[in-house]
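J.: Here's a structure for you.
The values are calculated or read from the model by the stated rules, or taken from the named source; none is laboratory data. All of these numbers come straight from a predicted model, not from anything done at the bench. As a convention, Cβ positions derive from the backbone with ideal geometry for all residues, glycine included, and neighbour counts pool all protein chains shown. Surface areas here come from the heavy atoms of the whole protein model, side chains and all, with no ligands, DNA or RNA. Shrake-Rupley method; radii C 1.70, N 1.55, O 1.52, S 1.80 Å.
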Amino acid sequence: MPNRVLRIFYFIKKANVANAPYLIFLNGGPGMAISDMFFANHYTSFLPNVNVVFMDQRGTGLSSRASSDLIELQYFSARYISFDAEQIRKTILGETGRWIVFGQSYGGVIARKYLEVFPKSIGLAITHGSAKYNAIDVAENMELNTTKRVREYFKKYPDDHKILLGLKTVLTTKYSIASADYRVSGENLIHLLSVFFAIYPDEQIHALISKIKEGDAASSFIELVRPLSDQLLKAGVL
C-alpha cells in the first residue's frame with residue numbers, strides 16, 4: 001500500500017496569563033472529534049491558565065479519514081495518533097520543548113503510548129478515566145452492546161435473520177478461514193458477523209447479507225467476509 005499524506009487538524013486555546021505552559025488534551029473515544037465537542041462540552045473555559053492544544057485524532061472530525069482499504073486501519077491506532085501529537089509539539093515548541101500531556105478516557109491510552117514512544121517530549125503526563133474499567137467489565141459491556149445492536153438490527157431486517165439461520169445449517173467443518181497461526185471453521189464462521197456489527201452501519205451489513213446466494217450460501221458467505229477476516233486472523237484478533 002503506498003504512503004499518503006494525512007491532514008491533522010488542531011487548534012490552540014490560549015491562556016489568560018503570560019508565559020503559560022502548553023498542554024495537549026487527548027479526548028476520549030475512540031472515534032470522537034474534539035472539534036465536534038469543543039463548545040458543547042464547555043472546553044472554552046477549560047484550564048484557563050494553560051495554553052491548551054486540541055486536535056482531531058486521525059480518522060475523526062476535520063482530520064483525514066481512513067480509506068476503504070482495510071489494511072490501512074492499523075495506522076489509525078493510539079500509537080500513530082501519538083506520532084501526530086509529536087509533530088504538533090515540534091511545530092509549536094520546537095525540537096526540545098516539552099509540554100503536558102492530558103489524556104481523558106481513550107485519550108489516556110494515547111497518552112501512555114506517547115509516554116512510551118516520546119518520553120523526552122513530555123514534562124508531565126496526566127490520565128483521567130482511562131483505567132477504571134477492568135478487562136471483565138469491558139468484555140461484558142461489549143457483549144451487552146453487541147447483543148442489543150443485533151436485536152435491533154433483526155427487528156429492522158427480519159428476513160436477514162432467516163437467511164443467517166439457513167446459513168448456519170450449511171456451515172460444516174469443511175468450510176474454514178485460516179492464517180498460519182489461527183483458524184475459524186464450521187458454525188463458528190458465522191460469529192465473524194459480530195465484528196461487522198461492531199464497525200459497520202446497518203445498511204452495509206444488510207447489503208452484505210443480501211449477497212449471500214441461496215443455492216451456495218456457505219461459499220458465498222465466506223467469499224464476502226474473507227477480506228476483513230483475513231486481516232483479523234493475521235492480527236490474532238479471531
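J.: Can you spot the lysines whose alpha carbon is less than 23 Å from Lys13's alpha carbon? Ignore those fewer than 8 places along the same chain.
T.: Lys90
J.: Let me ask another. What's the Kirkwood radius of region 21-132 in Å, using all Cα pairs?
T.: Numbers: mean 1/r = 0.0702 Å⁻¹.
Evaluated on region 21-132, it is 14.3 Å.
J.: Quick one: net charge of Val50's neighbours, Cβ under 14 Å, K/R +1, D/E -1? If you can, show how the numbers build up before the last one.
T.: Working: positive: Lys13, Lys14, Arg98; negative: none.
Net local charge, Val50 excluded: +3.
J.: Any chance you could check the Cα centroid distance between region 1-66 and region 72-131 for me, in angstrom?
T.: 12
J.: Would you kindly find the accessible area of Lys156, with a 1.4 Å probe and non-protein molecules such as ligands, DNA and RNA excluded, rounding to the nearest 10 Å²?
T.: For Lys156, the solvent-accessible surface is approximately 100 Å².
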